[in-house]
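The values are calculated or read from the model by the stated rules, or taken from the named source; none is laboratory data. All values derive from a computational prediction rather than experimental measurement. Counting neighbours? That spans all protein chains shown, and the Cβs are built from the backbone with ideal geometry, glycine included. What goes into the accessible areas is simple: the full protein's heavy atoms, side chains included, and nothing from ligands, DNA or RNA. Shrake-Rupley method; radii C 1.70, N 1.55, O 1.52, S 1.80 Å.
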Amino acid sequence: QVQVVESGGGLVQAGGSLRLSCACSGNISRISTMGWYRRAPGKQRELVASVTSGGSTNYADSVKGRFTISRDNAKNTMWLQMNNLKPEDTAAYYCNLRAARRGSVYYSDYWGQGTQVTVSS
């Protein structure tokens, strides 16, 4: 079993900050890319940011300069620092990782349960 748990969501005023965390545990051997996705009501899920095991990052244009993704490979943990939040950032945020289980050479996608971020104007 692989467990993926997000935390850190909440209600914040526009211009404020939040820091999301994603902790992964269980039968994991290797994690390649980790990422944050979000889904707003009535919209499709979108990639917010991702980070490879080597530290290369990728951001959606809408969050560049405001959000920072980071990870600790030794702890299988990832964070998303969100600054200057806007009402349009309101969504459920999901942690995603591509990982191989112990004894396997194949990678699979794993998802957390999501954490709600609400930004008031």
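Observations, loosely collected:
- Per-residue accessible area (protein heavy atoms, 1.4 Å probe) orders S121, S104 as S121, S104, starting from the largest.
- Using the average count of surrounding beta-carbon atoms within 10 Å as a protection proxy, the listed peptides 39-51, 66-78 rank, highest first, as 66-78, 39-51.
- Ligands, DNA and RNA left out, the accessible area of the chain computed with a 1.4 Å probe is 45% carbon and sulfur.
- Both the radius of gyration and Dmax for the chain are 14.2, 49 Å, in that order, over alpha-carbon atoms.
- When Rg and the Kirkwood radius Rh are both evaluated on Cα atoms of the stretch 80-121, their ratio Rg/Rh stands at 1.20.
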